[in-house]
Amino acid sequence: LHINVAPECRSSGLGSRLIEAFAAGARAAGAPGVHVVTGEGMRNVGFYLRNGFEHLATLEQAGKHPVVFLGRRL
């Protein structure tokens, strides 16, 4: 799943509804959880945290921007 919401539609709840629809489908398929991988400091980290995801780990790589792993149990 990749969510991009047009700037004029942000803060309308649309992204959260997309997450909930995806989570419901994953739950129905028997998945125990879902995860997201993104960059440290990216705007979407806060979005996912507000939508029930938890910080699982940060991977530091020499010379590269750190990668953040977020997860949510279903």
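For the range 19-39, a residue qualifies if it is open to solvent by 80 Å² or more (accessible area, probe 1.4 Å), in a loop (DSSP other than H, G, I, E, B) and either of a type in the set (A, V, I, L, M, F, W, C) or in contact with a His (Cβ under 7 Å, 6 or more places away or on another chain) (or both), and exactly one does: ALA29.
Candidates in the range 1-60 are the residues that are basic (Lys, Arg) and over 12 Å from ARG72 (Cβ atoms); of these, the one that is nearest to the chain's Cα centre (by Cα) is ARG43. GLN61 meets all of the listed conditions (1) open to solvent by 60 Å² or more (accessible area, probe 1.4 Å); (2) touching a residue at least 12 places away in the same chain (Cβ under 8 Å) but one, namely (2). Regarding the range 61-74, can at least one residue be identified that is over 13 Å from LEU1 (Cβ atoms), in contact with a Pro (Cβ under 9 Å, 6 or more places away or on another chain) and modelled with pLDDT of 95 or more? Yes; the residues of the range 61-74 include at least one that is over 13 Å from LEU1 (Cβ atoms), in contact with a Pro (Cβ under 9 Å, 6 or more places away or on another chain) and modelled with pLDDT of 95 or more.
Screening SER16 against (1) surrounded by 12 or more Cβ atoms within 10 Å (Cβ to Cβ); (2) polar (S, T, N, Q); (3) in a loop (DSSP other than H, G, I, E, B) leaves a single unmet condition, (3). Yes or no: the range 43-57 includes at least one residue that is of a type outside the set (A, V, I, L, M, F, W, C), loosely packed, with under 11 Cβ neighbours inside 10 Å and part of a loop (DSSP other than H, G, I, E, B). No: the range 43-57 contains no residue that is of a type outside the set (A, V, I, L, M, F, W, C), loosely packed, with under 11 Cβ neighbours inside 10 Å and part of a loop (DSSP other than H, G, I, E, B).
The values are calculated or read from the model by the stated rules, or taken from the named source; none is laboratory data. Small disclaimer: the values here were computed from a predicted structure and weren't measured. With ideal geometry, Cβ positions are generated from the backbone for all residues, glycine too; neighbour counts draw on all protein chains shown. Side chains are part of the model used for accessible areas, which takes the heavy atoms of the whole protein and leaves out ligands, DNA and RNA. Shrake-Rupley method; radii C 1.70, N 1.55, O 1.52, S 1.80 Å.
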